[in-house]
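Structure record follows, encoded as structure tokens.
Taken together, the values in this text are just the output of simple stated rules run on the coordinates, not laboratory data. Predicted model only: the values in this text are computed from it and were never measured. For neighbour counting, all protein chains shown are included, and Cβ atoms are generated from backbone atoms with ideal geometry for every residue, glycine included.
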Amino acid sequence: MTKNKVLSSSFWTLGVGIVDRCAAFIVYIVLARYLEIEEFGAVAFSILFIEFLVLIINSGVKELIVSKDSINSKFVNTCFYAVMSSAFLLVIIFYLLIDTFFSNKSDLIVDVIKALSFLPFIASLNIIQTALLQRSFLFKSLSLRSLFSTILAGVIGVLMAHHGYGVWALILNKYVKVAIDTIFMLYITKYIPAFEFSVADFKNVYRFGIPLLLSEALNFWSSRVVEIFVSSFYGIINFGLLDVGRKFNKMLNQTTLTPLRAVCLSYVSQSENKGRSFARFSCFISLLVMPASIFIGFYAEPLVLTFLGEKWVLAIPICQAFAFTSLAQCLSWYFPIPLICCHLTKDVFFINLLFFIFSLIVGFISTFYLDFYSYVAVQIAVVNLGAFYKIYYLWSKKIVSLLDMREYFFPVIVVATVSVVTCYLSYKFTCVFFSADFSLINIFLFIMSYAFVFIVNLMLILLFFKKIFYEAKKIIKK
């Protein structure tokens, strides 16, 4: 594997990620403007559980196929049947329990969950094909597939939302995208499962996957502890405000950090020094993503008013607060990958379990003494604490060295500090020119302001962190 493959994969993944999230964001904006805050909160609550079901089905198998030294057809087919059997059982059980577990929720929530409950099974049909392409570093094919399905599903969703279908537009958008993804993957890979099965490989799949699956499940809910307690103790309206307030940073992460996880896994798994490769990859991505996250925090008010409207003004403090997680989250986003590549999946599970329990305890106690906004602030502090501990844990296991931290993490911290200063100065200069509605002037101001922040950070790297610049330049030339 060569570094130019990593760069090419990253560019394709990022490019399609931007298109994907932009299309999804357009649908989100239309829905946010059509639905009331309470309705929007109900929809966000429903989708939370469907995402969790998708996570359970996806966890473990892809990582095993990508990271395994060698694979054969029997192993791949065994993985396919393991995934499909799990997906079928989970979806059926979940559907039968919907009325029981959500009996105290609104009819809208129950209807949405039922309508989306079969989506994970359809999505599971292309898990193996996706893993095979990731293993071969064929991210271009994956990107083209996602690009086509995202555009078509996005257009259909926006048109339906415009004609008043509300949440059902989003439901159809999800199904259209997954269906196109599955058909496209079958065409690209030409993979048709054969009737062969290995009991030994089946055991190996679950031996590798279950600790990772449990870890991913814990990570999912620990990152959503805020949603759990807000929906339970602060009401569905505040849940809607929370969802909208997190949307800009969430969109940034889903556009950049999340899709590049597969690239990072392939890169680190095929590197000799896995800790250093992890640190280098995290550094490059953090230098691109973190300033944008800080920018969102400072420009939260004009962003919310421009794209979502004045009725969401109470979500602005939430948007501002989550900018404080940018540094810690960027550096620790790919924390499980070096451990997975070193076959330390149990470590990933126990670390996530520890912070899940800690988040639950802090969250539960906080609900008795704090208002909604103070509670969110406390949980943000917990997120930062957990992220920095994960970096410390990698060092304590001698996976990431102090030299790696000094060469790759220290520049990120410096750039974060400079980004705070430049974003503050930029906002103070431009804030008087923003209007409280959607306008081309606002869009122009956003672009110019971020361009200023980006140029300052680039100059900083050129002046003080030339090694990082030359490493990136060397990869680009290749």
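Subtracting the Cα-Cα distance of LEU385 and ILE361 from their residue separation scaled by 0.36 nm leaves 7.2 nm. The string of couplings for region 343-352 from the Karplus curve (6.51, -1.76, 1.60, θ = phi - 60°) is 6, 10, 5, 5, 5, 4, 4, 5, 5, 5 Hz, one whole number per residue in order, with x for Gly and Pro. Ordering MET459, MET405 from the fewest to the most neighbouring beta carbons within 10 Å gives MET459, MET405. Coupling constants for region 277-285 follow from the phi torsions by the Karplus curve (6.51 cos²θ - 1.76 cosθ + 1.60, θ = phi - 60°), and in residue order they are 5, 4, 5, 5, 4, 4, 5, 4, 5 Hz; glycine and proline get x. When the charge dipole of region 223-478 is built from unit charges on Cβ atoms (+1 for Lys and Arg, -1 for Asp and Glu) and taken about the Cα centre, the candidate among SER449, TYR369, PRO259 whose Cα reaches farthest toward its positive end is PRO259.
Summing Cβ point charges (Lys, Arg +1; Asp, Glu -1) relative to the Cα centre of region 223-478 gives a dipole of roughly 1060 debye. Cross-link check: pairs LYS177/LYS346; LYS68/LYS398; LYS62/LYS247; LYS105/LYS346; LYS250/LYS428; LYS203/LYS247 evaluated at a Cα-Cα cut-off of 31 Å; pairs beyond the cut-off: LYS177/LYS346; LYS105/LYS346; LYS203/LYS247.
So, R0 is 25 Å and r is the distance between the beta-carbons of PHE195 and TYR95; what FRET efficiency does that work out to, to 0.05? With a Förster radius of 25 Å, E is 0.35. Estimated from helical segments only, the mean residue ellipticity of the chain at 222 nm is -26000 deg cm²/dmol, where each DSSP H run of four or more residues counts as -39500 (n - 2.57).
Of all stretches in the chain that contain no GluC sites (Glu not before Pro) in a DSSP loop with at most 14 other Cβ atoms within 10 Å, the longest one is 273-478.
Going from the fewest other Cβ atoms within 10 Å to the most, the residues LYS398, LYS247 appear in the order LYS398, LYS247.
Count Lys and Arg as plus one, Asp and Glu as minus one, and take only other residues whose Cβ is under 13 Å from that of LEU394; the net charge is then +3.
The 3J(HN,Hα) values that the Karplus relation (6.51, -1.76, 1.60; θ = phi - 60°) gives for region 327-340 are, in residue order, 5, 5, 5, 4, 6, 10, 4, 9, 3, x, 5, x, 5, 4 Hz. Gly and Pro appear as x. Near the amide H of TYR334, within less than 5 Å, lie no amide hydrogens of residues on another chain or at least 5 residues away, with H placed in the peptide plane.
Counting only Cβ charges, +1 for Lys and Arg and -1 for Asp and Glu, the dipole size of region 247-345 around its Cα centre is about 200 debye. Between SER401 and VAL421, the FRET efficiency estimated from the beta carbon spacing at R0 = 41 angstrom works out to 0.85.
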